[in-house]
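Working notes, structure below.
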């Protein structure tokens, strides 16, 4: 019913421990096809996973620089969709490499009948692993119907995984163009808190540029999560179905919004290209 995977990689001790917990959680899930994606020149093969060295794009190639090598989200979704299609699975799912998935999350996907799913996570305290609540600002598990993904694939830009913004944009695209469940109540996926390994530099600038091109979607996500936070703070009841319809249901752009967004996108392109040129000169 479900193919689920990510790219695992050799990492320092603490990061490897969190990845191992994620792999153990996946290994405990019944009736799933577990996939470990790798770049074509990699050979990291954790036991119990279908390792596929099929990734060709990376953060260095799309930005023209940088030290770390990170995969591209849309290419990983494509690879997982292909793996699911080979087995006849309706859904594929992508998770960040340190996310622990419980059976209830898989059951929600398999039994929900939606086009797509985007899961918020429950944060765990380091050491004690005490639950600290659901993080509303980000999403760490995505699932999609293979046929729906292939039909809507053109809408999803090549964001760098492990950097900010892509998850918010992808969730908004899914909700705007499909029957999508954004799961923030009892999501059944867990993440042990740790220091962030992203937030600045060339890769963040690249994702920020793509998010500017996707600004109408990002604005929808910001409005949606603001309503969730307001309900959490006790400032009103919340009908999530109605909220999703109000935020993600109308046409993305109307009237004068088209030329305004076109101008904003052009400015973003010019700023990004100027920054790339400036940074390349500094590296010479």
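Checking each residue in the range 10-36 for being touching a residue at least 40 places away in the same chain (Cβ under 8 Å), touching a helix residue (DSSP H, G or I) at 6+ places or on another chain (Cβ under 8 Å), surrounded by 13 or more Cβ atoms within 10 Å (Cβ to Cβ) and more than 11 Å from residue 80 (Cα to Cα) picks out 29, 32.
Quick grid of which residues meet (1) under 27 Å from residue 278 (Cα atoms); (2) in contact with a helix residue (DSSP H, G or I) (Cβ under 9 Å, 6 or more places away or on another chain):
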position: 176; (1), (2): no, yes
position: 182; (1), (2): no, yes
position: 202; (1), (2): yes, yes
position: 209; (1), (2): yes, yes
position: 220; (1), (2): no, yes
position: 237; (1), (2): no, yes
position: 241; (1), (2): no, no
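For the range 52-61, the criterion of being buried (at least 17 other Cβ atoms within 10 Å of the Cβ), at positive phi and touching a residue at least 12 places away in the same chain (Cβ under 8 Å) is satisfied by no residue at all. Residues satisfying the criterion are absent from the range 89-103 (criterion: surrounded by fewer than 16 Cβ atoms within 10 Å (Cβ to Cβ) and either modelled with pLDDT under 95 or in contact with a helix residue (DSSP H, G or I) (Cβ under 6 Å, 6 or more places away or on another chain) (or both)). Among all residues of the range 205-226, there is at least one that is more than 23 Å from residue 83 (Cβ to Cβ), free of Cβ contacts under 8 Å to residues at least 60 places away in the same chain and more than 18 Å from the chain's Cα centre (by Cα).
Only helices (runs of 4 or more DSSP H) whose full extent lies in the range 70-182 are considered here, and the ones with at least 3 residues that are closer than 24 Å to residue 229 by Cβ and without any contact (Cβ under 8 Å) to a residue 60 or more places away in the chain are 166-177. Answer yes if at least one residue in the range 15-29 is outside any helix (DSSP H, G or I) and within 23 Å of residue 102 (Cβ to Cβ), and no otherwise. Yes, that holds for at least one residue.
The values are calculated or read from the model by the stated rules, or taken from the named source; none is laboratory data. Given the structure is predicted, the values throughout are model-derived calculations rather than measurements. With ideal geometry, Cβ positions are generated from the backbone for all residues, glycine too; neighbour counts draw on all protein chains shown.
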